[in-house]
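Input: a single structure, listed below in structure tokens.
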Protein chains: 2
Amino acid sequence: MIVCKFGGTSVASAGQIQKVANIVKENPKRKIVVVSAPGKRFSDDIKVTDLLIDLAETALQNGAVEEKLQNVVNRYKDIAEGLGLDRKIVEVIENDLRERLALKAEKELFMDTLKASGEDNNAKLVAEYFNSIGLKAKYVSPKEGLVVNDPPERTFALPETYENLKDLGKGEEIVVFPGFFGYTRSGRLRTFDRGGSDITGSILAAAVKAELYENFTDVDCVFSANPKVVNDPIGIEEITYREMRELSYAGFSVFHDEALIPVFKLGIPVNIKNTNNPSAPGTRIVPTRKPNGRPVIGIAADHGFSTLYVSKYLMNREIGFGRKLLQIIEEENISYEHTPSGVDDISVIIRSNQLTPEKEERIVKRVKKELHADDVYFRHGFSMIVIVGEGMRRNKGLAARAASAISRTGANIEMINQGSSEVSLVFGVLQEYEEQCLRALYEEFFTPVTI
Amino acid sequence: MIVCKFGGTSVASAGQIQKVANIVKENPKRKIVVVSAPGKRFSDDIKVTDLLIDLAETALQNGAVEEKLQNVVNRYKDIAEGLGLDRKIVEVIENDLRERLALKAEKELFMDTLKASGEDNNAKLVAEYFNSIGLKAKYVSPKEGLVVNDPPERTFALPETYENLKDLGKGEEIVVFPGFFGYTRSGRLRTFDRGGSDITGSILAAAVKAELYENFTDVDCVFSANPKVVNDPIGIEEITYREMRELSYAGFSVFHDEALIPVFKLGIPVNIKNTNNPSAPGTRIVPTRKPNGRPVIGIAADHGFSTLYVSKYLMNREIGFGRKLLQIIEEENISYEHTPSGVDDISVIIRSNQLTPEKEERIVKRVKKELHADDVYFRHGFSMIVIVGEGMRRNKGLAARAASAISRTGANIEMINQGSSEVSLVFGVLQEYEEQCLRALYEEFFTPVTI
């Protein structure tokens, strides 16, 4: 069995949903279809999810909701008409939305409930369409078994989900399942983080022990570097879970990395494909892969990093110094990325969005006072560049090649992290050098040398 | 005023002590002389300190001490005779030793008391000799004000020491002061760690606010790399405290690095000189130095490192993961050197001599259980190579050059630590590559390129 998930742009219009139907029809193994809410049809369009958030906020502020409600309904209406469906499905959706709006008193539930309607109603509509063209299908609600934890922790599926849903798709009909949300044991609707339809697909693939999880989106494949920075980067045919995860650390956002966990645990391969070009092989995410002749599979970069620098003479001899420093950071509820250290100094690399001038001042003061450090300060404006590849494990000159490529741009290497992961190498540079470095590294590792 | 300290080989024999006298005579600013116990006269010789340790241990086990006592006394006797001194000084020393031996009942004091006699009696002898040749001198005991902390912490000088000794050497006579020990507030003798005569000299230089602290030893200078590995390395004329400290992390052992603290705090320069070649300029350790045209001042290497590798999917998102890991290490009373990290993994680099199979097993078990890590294991047999230089701060291609030099030896770079210290760069390689890497790095940074 194959579980296939279609993202927002893949189900944004009647035309797109027809493509989805063709894809599903083409392979009878595609028995479970997870859908997002209708996304953008053109670049200035508004996603249904964003219309719903706006509607919910207006309702909470007791504003005029009718027009905003109609905006949402009209999106489904357009789709239904385009697909030649009976008007009834649009009434079903409109009634559903009005029922949800009536829940306004229960504030905590309200936002999740409205947002989730985007996927939920779209699943109903898609099921209706499949049936109308003779593709036997049924809408299945997450109420049938996708059980999630209670707040306030981030939403995740509880173990019973996998047992509850293990027979999904084993009937004759194709199951159309809305992405993005589940229900707590007490029946409360909770959404996953944004991008959560990927998570739903992954959970269902794991529950039914699918042979493949297809993730349909609007790109032919995952690229080896950001095409907005690197000119025409090569596509990735096959990548391991681990490589994908390490790349996603620094801005590779095709796929929500938490979503990989359920399939990763069972070793189920993932295929990222393009709804608009389904014959392209796409990118396969697999447990292990054969070497492809290149040590590096991808290069990613992200900015917005700060460093806290701390030095103290003979720090190196003090048991507990690093731990106490990290404790101070932790007490400000800050997570950190790396802690490169010299002989008597250590830096803590932090995503800048976790810092405020007050937090920084408190941290500097505490480190000086409690750890008797000689020198303590913050620096801002760094980018991290991560080079990833299972082939790096045995490639001896790789760090030297990467460092040389960066140096050629004129950038100073502010940080190198090598020594733990065998499949990645992280460099820190000043933000203004990020794009140059990305291009230089791409050239170093992906351009065939011609003499 | 200049405080000069003479190490063990500089005071090992009558001939050596004559050299010391000539050095002291030559500059009237040399008003405070700190002496070690007589060291080795030739490579198979036994240091007086080692004879004393053997004597103390024999006494504690109620063995026959007389012959061992005579061995010690004979060393001083030889020196006294060689210097043409009256026999009386030898009797003073012999009586002193017998008195110390009589303290055997007070076990805790005993070892320190016997060890310290090496320096103490040598200072008396040297003062006697100075006077005999018309160089007005007096022996001053650390009892006169070098106050140290109580056990069990490592010995260090208490703040009142600097007040107590501030007028030392301001009289007419040259002060001859034994290195290596002080007295607690309650009058108990305590030695510093081995190499502690360097510490005494540094404390006295700080107390009298000396213009210079001269540290006489048996080499012309500190070398830019280990002469046993690198053929004829260049000598270092001037080096900053910080560079010296960073080099000493990895095996540069000319100077006890803790000894630098008192002079470092006051910015007093240190001159390492050769008793056997006093006209050589030696190596000056200074607060700041002028660039000398080379980014690197020295390269050092040390082996005997292990790494603890820990990986966990999405570790990176968990606040407190690194801190908890370091806490487990700390609870085994282990200090660590570095913690390079990838996206979802972290390694802890530890000196192997702190580990036992039992400790390793406990740590691996706890990390798996308490941190739910996916993968946890130890690896052994690493060397750390540290490249040091204030000039590295603004030298952009340096990491690339270093990494390339290492790669040319065929070694895999197991770890790079750059990102904290601006004056050093640490590489980890397998132990068997240590010497090759040291030579390759020396060639890269010290050999002038000839075309």
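The values are calculated or read from the model by the stated rules, or taken from the named source; none is laboratory data. Given the structure is predicted, the values throughout are model-derived calculations rather than measurements. Neighbour counts are summed over all protein chains in view; Cβ atoms, including those assigned to glycine, are modelled from backbone coordinates with ideal geometry.
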Exercise. Among (1) of a type outside the set (Asp, Glu); (2) modelled with pLDDT of 95 or more; (3) in contact with a strand residue (DSSP E or B) (Cβ under 7 Å, 6 or more places away or on another chain), where does A:ALA225 come up short?
Worked result: (2)
Problem set entry | Matching entry among B:LYS25, B:LYS31, B:LYS19 (being in contact (Cβ under 8 Å) with a residue 60 or more places away in the chain, surrounded by fewer than 22 Cβ atoms within 10 Å (Cβ to Cβ) and over 17 Å from B:ASP78 (Cα atoms)) | B:LYS25
For this session: Within the range A:146-173, count every residue that is of a type in the set (A, V, I, L, M, F, W, C) and assigned to a loop (DSSP other than H, G, I, E, B).
Result: 5
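Results for (1) closer than 19 Å to B:LEU247 by Cα; (2) of a type in the set (D, E, K, R); (3) assigned by TED's automatic domain parsing to the domain that holds B:VAL426, shown as yes or no for each residue.
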| site | (1), (2), (3) |
| --- | --- |
| B:ASN277 | no, no, no |
| B:PRO281 | no, no, no |
| B:THR288 | yes, no, no |
| B:ASN292 | yes, no, no |
| B:GLY304 | yes, no, yes |
| B:GLU318 | no, yes, yes |
| B:ILE328 | no, no, yes |
| B:VAL343 | no, no, yes |
| B:ILE350 | yes, no, yes |
For this session: Select from the range B:365-390 the residues that are surrounded by 18 or more Cβ atoms within 10 Å (Cβ to Cβ), within 26 Å of the chain's Cα centre (by Cα) and not aliphatic (A, V, I, L, M) and write down the one among them that is nearest to the other protein chains (Cβ to nearest Cβ).
Result: B:PHE382
For this session: Kindly indicate whether any position in the range B:324-343 is modelled with pLDDT under 90, facing chain A (nearest Cβ under 7 Å) and in contact with a Phe, Trp or Tyr (Cβ under 6 Å, 6 or more places away or on another chain).
Result: yes
Seminar exercise, completed: When restricted to B:ASP198, B:ASP220, the only residue surrounded by fewer than 24 Cβ atoms within 10 Å (Cβ to Cβ), among the acidic types (Asp, Glu) and touching a residue at least 12 places away in the same chain (Cβ under 8 Å) is B:ASP220
Exercise. Before we move on, is A:ALA411 surrounded by 18 or more Cβ atoms within 10 Å (Cβ to Cβ), of a type in the set (Gly, Ala, Ser) and within 12 Å of another protein chain (Cβ to nearest Cβ)?
Worked result: yes
Exercise. In the set B:PRO159, B:PRO152, B:PRO178, which member is modelled with pLDDT of 95 or more and exposed (fewer than 12 other Cβ atoms within 10 Å of the Cβ)?
Worked result: B:PRO159
Problem set entry | Matching strands (runs of 3 or more DSSP E) fully within the range B:270-318 where at least 2 residues are within 14 Å of another protein chain (Cβ to nearest Cβ) and surrounded by 14 or more Cβ atoms within 10 Å (Cβ to Cβ) | B:298-311
Problem set entry | Condition met for B:LYS143 (in contact with a strand residue (DSSP E or B) (Cβ under 9 Å, 6 or more places away or on another chain), outside any loop (DSSP other than H, G, I, E, B), surrounded by fewer than 16 Cβ atoms within 10 Å (Cβ to Cβ) and at pLDDT 95 or above) | yes
Problem set entry | Selection count where residues are part of a loop (DSSP other than H, G, I, E, B) and either modelled with pLDDT under 95 or not assigned by TED's automatic domain parsing to the domain that holds B:ILE133 (or both), scope the range B:53-99 | 7
